[in-house]
Amino acid sequence: MLTIEIWSDVVCPWCYLGKRRWESALARFPHADDIRTEWRAFELRPHQPTVPGDTLEETMRRDGHTKSELDGIFRWIGELGEQQGIVLQPQHYRPVNSFDAHRLVKLAASHGLADTMTERILRAYHEELRNIADHGVLRALAKDAGVPADEVAALLAEDAHADEVRADEAVAARIGVTSVPSFVVDGREAVHGVLETDALSAMLEQVWARHTAAAGS
């Protein structure tokens, strides 16, 4: 079994794109059943409040981007999403804190539902424009994903799984993950950015060949 860890943030459109391309690469990989994907937490905006405020466009305008520049970037991101069958509309995003969403994914992972939970949160934030920091929203999304409601309520009332999220972030800092998505193979080498599906397929072939050669030596 070969483990691929993917550091990502649910409020990152590139991570949603990266997830779709990763799934496409796995679908064409002949040894996909021997690949274990583990989702790791990363907060792009760890100090972001839980209540939606300015839009992403307004935030980026303050950082020096022009409206015409952002229009082009956002249109391009939307087109890339269409190619993967997802809706990306960054011009409408109102960034919020993603820490509790990451904790919820950790809880879901204990039930074998990490991928399902991640997918549901991504769709809620990017396509439905919901506040994924709101506990009522998270409870509803967890129900959709099949995570036990009583465990979700306990999670949101306390700080369960916070240490796991912080541990992911500590590992990211130690191994040099500074942007997402980042793909880490067997805890050693990292590939950063939104790679094309063909590039991800090539990576899989290379690491699989190295992995099987090491196992046979």
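Remarks
- Pick from the stretch 187-202, criterion without any contact (Cβ under 8 Å) to a residue 40 or more places away in the chain and among the aliphatic types (A, V, I, L, M), ranking: farthest from Trp14 (Cα to Cα): Ala202
- Within the set Val152, Val191, Val184, Val165, the sole residue that is under 30 Å from Val87 (Cβ atoms), in contact with an Asp or Glu (Cβ under 7 Å, 6 or more places away or on another chain), of a type in the set (Val, Ile, Thr) and not in a loop (DSSP other than H, G, I, E, B) turns out to be Val184.
- Per this entry, Val11 is counted among residues that are assigned to a loop (DSSP other than H, G, I, E, B), surrounded by 19 or more Cβ atoms within 10 Å (Cβ to Cβ) and either touching a helix residue (DSSP H, G or I) at 6+ places or on another chain (Cβ under 8 Å) or modelled with pLDDT of 95 or more (or both).
- Against the criterion of being of a type outside the set (Gly, Ala, Ser), in contact with an Asp or Glu (Cβ under 7 Å, 6 or more places away or on another chain) and either farther than 29 Å from Gly81 by Cβ or outside the structural domain of Val10 (by TED's automatic domain parsing) (or both), Leu107 does not qualify.
- Cross-chain or 6+ apart pairs with Cβ under 9 Å, the stretch 173-186 first and over 17 Å from Cys12 (Cβ atoms), then in a helix (DSSP H, G or I) and aliphatic (A, V, I, L, M): Val185/Met203; Val185/Val207; Asp186/Val207
- The stretch 170-197 - residue that is charged (D, E, K, R) and over 12 Å from Gly18 (Cα atoms) and, of those, modelled with the lowest pLDDT: Glu189
- Residue, surrounded by the fewest Cβ atoms within 10 Å (Cβ to Cβ), within the stretch 120-147, restricted to residues that are touching a residue at least 40 places away in the same chain (Cβ under 8 Å) and not hydrophobic (A, V, I, L, M, F, W, C): Glu127
- Only a single item in (1) in contact (Cβ under 8 Å) with a residue 40 or more places away in the chain; (2) not assigned by TED's automatic domain parsing to the domain that holds Cys12 is not met by Gln83, and it is number (1).
- Residue check for Ala202: closer than 16 Å to Met1 by Cβ and assigned to a helix (DSSP H, G or I): no
- Output for the stretch 24-43, where each listed residue is surrounded by 16 or more Cβ atoms within 10 Å (Cβ to Cβ) and closer than 21 Å to Leu104 by Cβ: Thr37, Trp39, Arg40, Ala41, Phe42, Glu43
The values are calculated or read from the model by the stated rules, or taken from the named source; none is laboratory data. Not measured: the values here are computed from a predicted model. Neighbour counts run over all protein chains shown; Cβ positions are idealised from the backbone, glycine included.
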